[in-house]
Amino acid sequence: MHDIWNPWHGCRKISPGCANCYMYTLDKQRGKDGSVIYRTDNFAYPLQKDRYGSYKVKSGELIRVCMTSDFFLEEADKWRGEAWEIMRQRPDVIFYLLTKRPERVAANLPRDFGSGWENIWFNVTCENQRMADRRLPLLRDLPFKHKGVMCAPLIGAVSLKPYLEEGFIEQVICGGENYEGTRPCNYDWVLALHEECQEANVSFSFIETGSHFIKDGKHYRLNSKQKQVEQAFKAGLNFRGKPMKFDLRYAIGIPVTPDEYYRAVYDGPHCHACGSRLICNGCSHCGKCGS
């Protein structure tokens with residue numbers, strides 16, 4: 001996918017949400033071990049250029065980082081400094097960081113990070129209430145200008161109300177679990193989160209139902225990933241709250257004007273009914289799904 005940058009791959013399970021990790025399952029299907037952590041060949045992806053000398057990742061794009069690992073994984077300490085430097089060189093791109101290790105963040109920031117870089121959107125995973133109450137106080141106190149919450153896999157009811165009222169959360173994303181050992185996601189949990197976000201005017205994305213979904217007391221099995229995102233989209237819960245404003249700039253310090261931002265195009269065969277549209281760069285026309 002053109003909106004994902006995995007500078008390293010592999011992870012260690014440390015949280016309830018890790019139990020049925022999709023990365024472990026997919027690696028297992030390929031005959032690999034997801035606990036093996038290594039630097040990828042695509043480490044410098046945000047700096048790659050096309051034959052005309054232009055960056056492949058365009059100004060204003062949203063790049064999700066370490067989707068097959070954790071950016072603050074201890075085993076990646078030896079590579080993280082170089083990854084930060086790459087993000088420093090692309091202040092015109094939004095980097096979406098997600099972690100289950102917020103307790104490690106403060107000690108692993110660049111020395112000149114200050115109150116945060118404008119192009120970094122930092123998120124923590126809160127798969128149940130216990131993890132929310134452990135991680136969100138840390139999120140509140142960390143020096144990032146843009147903060148969000150990922151309630152996925154949503155394996156229990158989560159209330160974010162007191163944290164949303166404090167005003168430091170700009171977006172909430174939630175979704176069910178997939179692959180081996182799937183635990184159920186209850187629609188009532190999703191509705192409750194949606195209502196809290198609406199009241200706080202915080203953007204909300206319901207990206208997928210998961211493969212074991214409960215609605216009105218009935219259990220549904222949706223083995224198709226595409227069906228999961230379509231059903232999430234049809235729920236009609238996604239909405240944009242208070243706008244997130246990123247002060248993106250070119251490397252020489254000149255602001256990226258709105259008309260110079262990358263424009264996402266949602267014209268792929270599945271874009272019309274996808275629960276991830278609010279957090280997606282649109283179709284890359286790679287041809288892998290027949291578009």
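Each of 274, 43, 105 was placed along the dipole of segment 4-279 (beta-carbon charges, centred on the mean Cα), and the one lying farthest toward the positive end is 43. Where only DSSP H runs of four or more residues are counted, the chain gives -6500 deg cm²/dmol as its mean residue ellipticity at 222 nm, each run worth -39500 (n - 2.57). Cross-link pairs exceeding 24 Å in C-alpha to C-alpha distance, out of 13/78; 28/100; 145/242; 13/234, comprise 13/234.
Under 5 Å between amide hydrogens, built in the peptide plane, is the criterion, and for residue 40 it picks out 8, 9 among residues at least 5 positions away or on other chains. Only one residue of 93, 69, 156 has its Cα farthest out toward the positive end of the dipole of the chain, where Lys and Arg carry +1 and Asp and Glu -1 on Cβ, and that residue is 69. Ranking 173, 286, 14 by how far each Cα lies toward the positive end of the dipole of the chain (charges on Cβ) leaves 286 at the top. Counting only Cβ charges, +1 for Lys and Arg and -1 for Asp and Glu, the dipole size of the chain around its Cα centre is about 540 debye. Highest mean first, the peptides 114-127, 136-149 sorted by other C-beta atoms within 10 Å per residue fall in the order 114-127, 136-149. Multiplying the residue separation of residue 235 and residue 13 by 0.36 nm and removing their Cα-Cα distance gives an extension gain of 76.8 nm.
Counting other Cβ atoms within 10 Å as a rough exposure proxy, the listed residues 95, 168 run 168, 95 from fewest neighbours to most. Fully extending the segment from residue 226 to residue 130 would add 31.5 nm, taking 0.36 nm per residue of separation and subtracting the current Cα-Cα distance.
Cross-link partners for residue 58 among the lysines, with Cα-Cα distance under 16 Å and sequence neighbours closer than 8 places in the same chain left out: 49. Between segment 1-43 and segment 129-144, the C-alpha centres lie 24 angstrom from each other. When 183, 135 are arranged by Cβ crowding within 10 Å, least crowded first, meaning fewest neighbours, the order is 183, 135.
DSSP beta bridges fully contained in the chain are about 25 percent antiparallel. Sorting 182, 209, 99 from the fewest to the most surrounding beta carbons within 10 angstrom yields 182, 99, 209. Here Cα extents along the principal axes in Å was computed from the coordinates, and among (1) 56, 45, 40; (2) 52, 48, 39; (3) 55, 42, 37 the match is (1). Peptides 194-202, 41-49 ordered by packing proxy, namely the average of other Cβ atoms within 10 Å per residue, highest first: 194-202, 41-49.
Just so you know, all these numbers are worked out from the coordinates, no wet-lab data involved. Treat the numbers as computed from the prediction; the structure is a model and nothing was measured. Neighbour counts are summed over all protein chains in view; Cβ atoms, including those assigned to glycine, are modelled from backbone coordinates with ideal geometry.
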